[in-house]
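Encoded as C-alpha cells, the structure appears first; notes follow it.
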Amino acid sequence: MRVILGADHGGFEMKELIKTWLAEEGYEVADVGNESLSPDDDYVDYAMKAVVEMMEDPSASSGQVRMILFCRNGMGMSITANKRKGVRCGLGFDVEAVRQGRKDDDINALAIPADYSTDEGVKEMVKVFLSTEFSSSERYQKRLEKLDKLEAVWSQ
C-alpha cells in the first residue's frame, strides 16, 4: 500500500516520526512536505499537495493509496482535503473512531491532531487506518453514493 503524507509546521515532527516508522513497516511512503520545519507555512498548501498526489495515482480508486495529514488540531487539514470530490478525510482522535471511519465511511484520508496525540496513539490509529477494510454493506455503500452526488446537487 502507498501512503501519502503531508504536514504543516504544527504536524511536521509527528509526520517525520510516522514516515520513518511506516517505511520500517514496509509501506511505500510519499512525503509531499513540508520538507523542513517552517513556522510560516500553511496547512492548506500541504493538504492540497497530498490530495493532488492521491488523485493522480491510478491505484487510488482501488483503495491501495491512503493519505495521512498532520497539523496542530487536524481540523484545517481535514477541511481542506474534504473540499475535493472523492476524498473522505476523517479526524483521528482515537482508535475506535478511526476504525469506524474506515468500516462505515470508507475514509481514505486521516487528519492527525499532533498537539493532542501521543506518538504511540498515532501509530495505533495509523495501523487501524491502514488495515481496516470498508464493510461494503448496502447501507454504507448507499451513503457513499449520496456523497458522490452532493457536488451536483449543491451546484444547482
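No lab work stands behind these numbers, since they all come straight from the coordinates. Remember, it's a predicted structure, so these values are computed and weren't measured experimentally. Reconstructed Cβ throughout: ideal geometry from the backbone, glycine too, with neighbour counts over all protein chains shown.
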To the nearest 0.05, what FRET efficiency results for A23 and D45 with a Förster distance of 25 Å applied to their C-beta separation?
0.60
Order of W21, W154 under a 10 Å beta carbon neighbour criterion, fewest first:
W154, W21
Would you kindly compute the Cα radius of gyration of the stretch 81-142 and its largest Cα-Cα separation (Dmax), both in Å?
11.8, 37
Would you calculate the separation in nanometres between label points at S136 and S36, each defined as 7 Å from the Cα along the Cα-to-beta-carbon direction?
4.7 nm
When the charge dipole of the stretch 92-156 is computed with +1 at the Cβ of Lys and Arg and -1 at the Cβ of Asp and Glu, the Cα pointing farthest to the positive end, of F93, M125, A109, is that of A109
The size of the Cβ-based charge dipole (Lys, Arg +1; Asp, Glu -1) of the stretch 11-116 about the Cα centre, to the nearest 20 debye, is 480 debye
The chain - Kirkwood radius from inverse mean 1/r over Cα pairs (Å)
15.5 Å
Where does each of L37, L91, L5 land when they are ranked from fewest to most other beta-carbon atoms within 10 angstrom?
L37, L91, L5
Across all Cα atoms of the stretch 14-56, Rg and the largest Cα-Cα distance (Dmax), in Å, are 11.4, 33
For I18, I68, I79, what ranking results if the residue with the fewest other Cβ atoms within 10 Å of its Cβ goes first?
I79, I18, I68
